[in-house]
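S.K.: Below are the structure tokens for one structure; questions will follow.
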Amino acid sequence: MAEGTVALGIPGLVLTCAQYFVLLELGRNFEPDFGSSYLELQWIDLRIRRWSEAAGITSQSQEEFTRRFEAEHTQEEVDLAYDTWDHIATQLERAQQDSQKMLKHRRSKPEELVTLVEELQLEACEPKKGRTNRFLKKLKTGYEVPMQAGSKVVAQGKWALYKKAQLDGLLSAIRGHITALELILPEQESKLVAAETAAMTDEVYEVLKPLAKESDPLLAAAMAGDGTRRGFIYEGTHMTDNAKAHNGSNYDGPPPVEGLTIYRDSHLGGNTISHNGNNYTTTTRKYWN
């Protein structure tokens, strides 16, 4: 068990793990491929918060959560959840301690200890990944782990990783642990992942899909089955007199999962009639949006 976490239940351990990621920065050695490394980091944080949402961690006390969780799951699942979150917290604590040792040993080479500023790095070099990062942050805000859950205060505040091998080793181990935890709550996790996929713009979808296979098996599976996804932009439409228009698609069957459709800078006049949206037809019912 991680030092200082003896009194923590599952909610406190989950929050402790989330705090480590909030405070984690990357050193200058990550600069050549900062965007992918940083997104992988944020993605693990997202999966932690998604699990918290699926498990129903709220501002209730740890004792209340434990009673409910134990009533809804087998003892084996309860033990797996507790032991796994404790193990993740221990790995993060050790990584932070290794980082602090590096700080002490390399004070004579301060240039090696410079950390990169997320917003500046992403916006200057990788704007697509910057926008994708903002999307992940928005999702994480919706899954905010309640502060009332109680946690270990992560020592020393901000901390950093300075080598790619450190990050890869840490995230590889944690990914495996979280994948095992997700099997405890398959239905709840799948619903959340479906909503995340549906909320993606085509640009975010394009950036995340190649990363999902390694970083998030649930999301990768959702994307693999999302063969009908598409997106459109309708811009600069001008209509006058008695013109009629339908800006959208027609489908036979229920609504598919789609990309973002954008309508902007439209000018309508006279007795025009315009339908912006898609039509979905089945043998018994017609849908539209």
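The values are calculated or read from the model by the stated rules, or taken from the named source; none is laboratory data. It should be emphasised that the depicted structure is a prediction, and the values quoted were computed from it without experimental measurement. FYI the Cβ positions are ideal-geometry reconstructions off the backbone, even for glycines, and counts take in every protein chain you see.
S.K.: Mind listing just one residue for me: the one in segment 165-201 that is touching a residue at least 24 places away in the same chain (Cβ under 8 Å) and assigned to a loop (DSSP other than H, G, I, E, B) and, of those, farthest from residue 81 (Cα to Cα)?
M.R.: That would be 201.
S.K.: Still on this structure: Scan segment 88-98 for residues that are surrounded by fewer than 20 Cβ atoms within 10 Å (Cβ to Cβ) and either among the β-branched types (Val, Ile, Thr) or more than 17 Å from residue 45 (Cβ to Cβ) (or both) and jot them down.
M.R.: Those that are surrounded by fewer than 20 Cβ atoms within 10 Å (Cβ to Cβ) and either among the β-branched types (Val, Ile, Thr) or more than 17 Å from residue 45 (Cβ to Cβ) (or both): 90, 94, 97, 98.
S.K.: Against the definition (of a type in the set (Lys, Arg) and modelled with pLDDT of 85 or more), how does residue 158 come out, yes or no?
M.R.: In short, no.
S.K.: Related question: Can you confirm whether residue 101 is among the basic types (Lys, Arg), at pLDDT 65 or above and under 18 Å from the mean Cα position of the chain (by Cα)?
M.R.: Against the criterion (among the basic types (Lys, Arg), at pLDDT 65 or above and under 18 Å from the mean Cα position of the chain (by Cα)), residue 101 does not qualify.
S.K.: Same structure again: Give just the number: which of (1) in a loop (DSSP other than H, G, I, E, B); (2) under 30 Å from residue 70 (Cβ atoms) does residue 157 not satisfy?
M.R.: (2)
S.K.: Then there is this: Right, residue 58: at pLDDT 85 or above and assigned by TED's automatic domain parsing to the domain that holds residue 168 or not?
M.R.: No: the conditions fail for residue 58.
S.K.: Continuing with this model, one more query. Please work out which one of (1) loosely packed, with under 13 Cβ neighbours inside 10 Å; (2) among the basic types (Lys, Arg); (3) at pLDDT below 90 is the condition residue 138 fails and give its number.
M.R.: Condition not satisfied by residue 138: (3).
S.K.: Does segment 206-226 contain at least one residue that is surrounded by 12 or more Cβ atoms within 10 Å (Cβ to Cβ), modelled with pLDDT of 85 or more and assigned to a loop (DSSP other than H, G, I, E, B)?
M.R.: yes
S.K.: Here is a check on your reading of the model: is residue 97 on the phi < 0 side of the Ramachandran plot and in contact with a Pro (Cβ under 9 Å, 6 or more places away or on another chain)?
M.R.: Values: on the phi < 0 side of the Ramachandran plot: yes; in contact with a Pro (Cβ under 9 Å, 6 or more places away or on another chain): no.
When the stated conditions are applied, residue 97 does not pass them.
S.K.: While we're here: Give the residues of segment 31-47 that are out of contact with any Lys or Arg (no Cβ under 8 Å at 6 or more places or on another chain), under 17 Å from residue 209 (Cβ atoms) and hydrophobic (A, V, I, L, M, F, W, C), sorted by residue number.
M.R.: Within segment 31-47, 43 is the sole residue that qualifies.
S.K.: On the given criteria, is residue 211 assigned by TED's automatic domain parsing to the domain that holds residue 45 and under 14 Å from the mean Cα position of the chain (by Cα)?
M.R.: Judged against the criteria, residue 211 is a match.
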